[in-house]
Structures are given as C-alpha cells and as structure tokens.
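Read-outs throughout are calculated quantities, based only on the coordinates presented, and are distinct from any laboratory measurement. Because the structure is a prediction, the values reported are computed rather than measured. No Cβ is skipped: glycine too gets one built from the backbone with ideal geometry, and neighbour counts run over all protein chains shown.
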Amino acid sequence: MDNILERITLATQLDANYREIGPLRELLAVIRPKRIDDVAQATDNIRALCYVLEHQPEHNTTLRSYLLQVFVSRKLMHLLTDTGITENKGFWGAASQTVADKFLPPLLNDDYIKDVFGQLFDNQHDYQWVNGVDDQSWLALFRMLNLVPQRSGTTYAALTREILSAVQVLSYRISAIGLESELVRNYPEIERFESPFLRQNDEANNYVMRYSTSLVDAEVEPEDAGPIEVLLIQCEDVVMKIRRTAAVQGVSISLTRLLLRLTQSIDRLRYLLSLLDARKDGEAAQIGVSLLKELVLADNKSHSLRQLIRSNTELLSLQMTERAGKSGEHYVTANRGEWLAMLYSAMGAGLIVGFMALIKILFGKLALAPFGFALLYSLNYSSGFIFVHVLHFTIATKQPAMTAALIARAIDSGRQKLDELVELIVRVLRSQFIAIIGNIALAMPTAYAIAWAWYGIYGTHLVSPDKAAHLLHDIDPFSSLALPHAAIAGVCLFLSGLISGYYDNTASYANIPARLRQLQWLKRLLGATRLQTMTTYIGNNLGALAGNLFFGIMLGTIGQLGVFFGLPIDIRHITFSSANFSFALVGLDHQISWQIVLTSLTGILLIGLVNLGVSFSLAMLVALRSRRVSIDQEKALSKTLWKRFLSGPRDFFARSIFEKRVSKHHYAMSC
C-alpha cells in the first residue's frame, strides 16, 4: 500500500494532470479481500488505508488530487445515466448482446468514467465486499480524503455540471417512457389528464437552468428539488396502477422491461437530486457511499444473463404463478363432499388414462422412425390430457405446480399464522393423496379389463411376454432408471404449469377472446351465439389447454429423443406406469412371483412420489422467487408441520372427511 501511494505521489509531482488508472486499480486490489465475501478483511483494509493517510499527509493530499483528476478529466454523466439502468432494446436483443459480450467484450473508451469504473471493479463479485463494508467505514475514508470538493471551486463546478447533465438525461428518459404506447394502453388516464411524466421534465429543466446559473453567479440560489419529487411520486403512483392493472389483464415482457427501466430511472434521478440538494455536513458523502454501492452492484451484474432474465421476467413469472395459484384453489379440498368429488374426478381421469395407455401400446407395435413414434405418442398424450380437462377430470400429477403457487401466495400474503399455513399444507397433501388414489384405482382395473377383453376378442395377449417383461423392468426402481425418468416427467409437469400460466396471461393481456370475436368469417361460420360461447371458453381455458398440449408433446418426444441421440432419457408417469403393470400382469397370465409384484408396486409408488416431489419443489421455488419471498420461519414451519403429522397422521390422508363441513371460501380468502 505504501509503495502504491508513493508511486502516485511521484507521478502527480511529475505531471499535475496525471490520470492513468493503473495505480488506482492496484490500490483497490490491495483493499479487495482475498476471499471476496470476507467483509471483515475488507473493512480492516479500508481502516488501514485511513491510518496510513492520517499519518502521511502528503500521501493524503496527492491521492485526493489524483482521484479528482481521474474523475474530472473524464465524462461522468454516462456512469450515472446508464449503469444500473435497463437498456432501451428488446429482451432478446439484450440477451444476445450479453452472451456476445462474454466472448468478445465491448471496446472500452478511456474518456468515460463508465468504462473506467468497470476496470476498477473488475471482479464480478466485488459488490459483495463493497456492499458488505459498513457505511461508517466508507464515510471515514471519504472524510479522510475530503472527496466532497468546496462549492466555490472549479472541481465542484465541473462535477456538478456532469450531474446536472445526468439529471436532464434521466428526466427526458422518464418523459419518453411515460409516452410509450404500451403504458398508455394499460393506463389510458395518462392521455386524459395532465401527465406527471411531462410535468416533471419541465420542472427538471427549470431546476437545471437555475442550478447552472448559480455555479457562475454566487448571488443566485439553486432551487429546491421538492416540486420534482412530488411529480416523481405521481409517476410512481402511475407505475403501481399499471402493475395492478397487469394483475388482472396480464402482462408482457416488453411491459415489464418498460416499467423496470422507468422505475430505475426515477430512483437514479432521485439519488442525483438528493446529492445536489445536500446541504448538511456529511450528507453528500452519505449519499455518495450509497450511490457507490449501487453502481458497483449494477456494474458487476451488467453482463449477467441470469440477472437479465430474472429482472425482465419478474412481473411475468409472478403473473404466471399467481394465475397458477388461483387454479390451485380448485385442487384443495376442505370438506367431505369436496374430498369425494376429487376422488370421483381423479377416477374419471384414471379411466381415460387406461385407454391412452392402450393406444400407446398399439402405436409401439408399428414400424416407424423415432420421429413417427414421437408424433403419434405426442398426439395420444396431448389429446388425452385435453379430453381429461374438457370433462373436468383430474390428473393427480398436474396438481403440484398449481398448489405450490397457492402455498407461496399464502406465505407471501403474511396474513396467515403458522398453524393456519400448516393446515393449508395438510389439506393440499390430503387432496393430492386422494387424487393419486383415484387415478390408480381406475387406471389399473381399466387396463386390466382392456387386456382381457383384447385376449377374448383376438385370442392373443395385447403384450407379448417379452414386452410384458420390458414393462415390468421399466417400473423397477432398483434395476432400471425408473426414478430418474420419473424426475424428468416431474420437470415436464413443472414446465406445463408454467406454460399454463403463460397462456392464461397471454389470453388476458392480448385480449384473445375479443379479437377472435372480431373475425367476421368466424362469426359467419359459427354464428354469434356459438362464437361467444367458444371465445369465452378459450379465454377461461387457454392456459389449461396449452399446458396439456405441451405436456403431452414433452412426454411423447423425450423418450424418442433419447433413442435418436443414444441417451438414456425417458419419462415415467405414475398413472401410466400403473396401467402398464396391469397390461404386463395379463400378458404373463399372472405367472409372476410375489417379489416382482411387490417390486413393481413399490416402483409405482416411488415414481409417483418423484413425479410430485420434483414438480412441486420446482414450482414452489419459482413461485417464491417471483414474489421475492424469504422464508425466515422455514425451520419453524418444518417443525410445526412435523408435529402436526405426529399428532394426527391420518389427517394428511383422509381423516377430514368425517369432520364437520368447513367453508372452502374461508381458506381461499385466508390465502
């Protein structure tokens, strides 16, 4: 550290305008802890620098002059207006640019602080120690270097002009975003009343002109930024109203991106106005520390594809999981009648799955290329799942993605006590259990009856002994890849839940029913009444239909992709596995040992648990992250849930059917 300070002193003595960033990068490298998240070490390093500067005043003076020269001799505005602000380009354009920059970084311009800043904090995890160090330690360093220049000096005037330019740019940007057609469409009142987005720009321009005049004329006092702050609050109110509208009418990535860019610009403008209006001792330094931490974090994350996806899809993923959570209310039973209704609904689905399994067996006997099998299997799965939905039956494994979002919504609301939340989870698990029982209870006998009917009609078994042995091996949890394949099916279930939420959102946001009703040829074909009925049904069920369609395609193609690429990938679904067990049992004329029967039934049970566990866990994770929920009571929740299980294990399965009827509406409202 001493050697670096001595070289800076020598360089500034030889050249008063010395501005090379090499020594500054070395100094930051000394401050940076060896373990990037070691905040204590970083704090000690900053204190050590303060100690050196305190006992060596000449180094303090030269380091201050050097730092001011580094900043004053370069353009500061772009750092303040661009770093941490979403770019004005589409999501896919930004994503492709982010990926390209990882292989070929953009050209750096040494005349811009924005580019220099990235070279100084060149470790992508620098934000961890910079933000971890407490403000007091940073303020001590700022005070030691006296980095806030005197108001009467040329350095202060130069830096202030850069900040004022940044204020103007941000203000114009806020005005431009406020006039975007997508915002106007979601909040038409912007056009009917005087827009705060335009008014804040007028106030900002007056503020900048007055402040600029005060830099050259000491008798002119700069105006207060209070009127701008009032208008910025009004702009934020509009943003909140648009978000509330989106919760009902849906949202797009482009709208999310606009709102994100608008919110970031407002927050940054507020930072700069506070910095300009700072009058108390140390106030400007405090704001500067906060701004430094924000800029380091933003610069480190600027080339992160994960951060880009997370920030630009946050509102969309929230909307998708929110709609899934609303669907999840229908999968939670609260009384005996609903519990039995779930059982009958699941049994209906089991009946259909028995025939779907038959069709898949028949398709498998054809001599086709992998693409042909994938096409036929996908058609079978998709049409069957859609048929199940149209008849209002229930596939048990489709529930987790919906119920996980429901539980996440309950946690996020903060209105539920821990015991109430545990009771909600108990009802979810109980409903899930009876749905599984219903599916299997009719899928297995249906497949069994079909197999014997086939034998009675054609005189041969539906599946040969070799095929039957293959079907039993496929559900063996110990000697096959049944459980990993069940996990793949769980991922497909999770994705189908997201797809359902996405298309429900799209149907609402894009006004698909209303646009369909505008098609004159469709109105002539169906008639006004049928068209109204059809479009209403599409508006209410597009997500479910699309989710089932794509879920069927995933189940039908993944196994054939494994065949095509020579990879050991396939899917295992509990309901189809139970039907295949019945086919194999008849195909072997019941000539199988009790050990194989036990192994197969165990495999079916484990396949179901993996299906449900994987899809539920992934859906829960996405639902919680979309809401930015941090479960501080996770251990307490787990402990309470375990105690609840020990006190009444039957409640997790079927005990509540004997209890008094409880209003389901009460539980939906408590969520």
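For the reader, a short list of remarks on this structure follows.
- Both radii come from the Cα set of region 47-203: Rg as radius of gyration, Rh as Kirkwood radius; their ratio Rg/Rh reads 1.06.
- Under the Karplus curve 6.51 cos²θ - 1.76 cosθ + 1.60, θ = phi - 60°, whole-Hz ³J(HN,Hα) for region 370-386, x wherever Gly or Pro sits: x, 5, x, 5, 4, 5, 5, 4, 5, 4, 5, 4, 5, 5, x, 5, 5
- Förster radius 25 Å - calculated FRET efficiency between residue 597 and residue 479, Cβ distance, rounded to 0.05: 0.95
- Label separation (residue 179 vs residue 41): 5.3 nm, computed from points 7 Å beyond Cα along the C-beta direction.
- Cα→Cβ-extended label distance, 7 Å offset, between residue 6 and residue 534, nm: 8.7
- Put a dot 7 Å past the Cα of residue 306, heading toward its Cβ, do the same for residue 131, and the two dots end up 1.3 nm apart.
- Projected over every direction and averaged, the convex hull enclosing the alpha-carbon atoms of region 155-281 yields 8.5 nm².
- FRET E, pair residue 511, residue 236, Förster distance 30 Å, beta-carbon r, rounded to 0.05: 0.65
- Using θ = phi - 60° and Karplus 6.51 cos²θ - 1.76 cosθ + 1.60, couplings along region 16-26 (whole Hz; Gly, Pro as x): 5, 9, 4, 9, 4, 8, x, x, 5, 5, 5
- Efficiency of FRET between residue 457 and residue 344 - r from beta-carbon atoms, R0 25 angstrom, step 0.05: 0.25
- Contour excess over end-to-end distance, with Cα ends at residue 30 and residue 278 and 0.36 nm allotted per residue: 86.1 nm
- With θ taken as phi - 60° and the Karplus curve 6.51 cos²θ - 1.76 cosθ + 1.60 applied, the whole-hertz 3J(HN,Hα) list for region 78-95 is 5, 5, 7, 9, 10, 5, x, 10, 4, 5, 8, 8, x, 4, 5, x, 5, 5 Hz, x standing for glycine and proline.
- Nearest-ten-degree value, helix 305-328 long axis tilted from longest Cα axis of the chain: 40
- Peptides 266-273, 52-59 ranked from most to least packed give 266-273, 52-59, packing being the mean of other C-beta atoms within 10 angstrom over each peptide's residues.
- Compactness relative to 2.2 N^0.38 Å, alpha carbon Rg of region 582-623: 1.70
- Under 5 Å from the amide H of residue 75 lie the amide H atoms of 112, 113, each residue being 5 or more positions distant or on a separate chain, with H modelled from the backbone and absent for Pro and chain starts.
- For region 87-173, chymotrypsin sites (Phe, Trp or Tyr not before Pro) are listed when DSSP marks them as loop and at most 16 other Cβ atoms sit within 10 Å of their Cβ; the list is empty.
- Span from the region 240-305 Cα centroid across to the region 180-208 one, whole angstrom: 18
- Computed from Cα positions, the angle between helix 336-364 and the longest principal axis of the chain comes to roughly 80 degrees.
- Within region 51-139, trypsin sites (Lys or Arg not before Pro) in DSSP loop having at most 15 other beta-carbon neighbours inside 10 Å: 89
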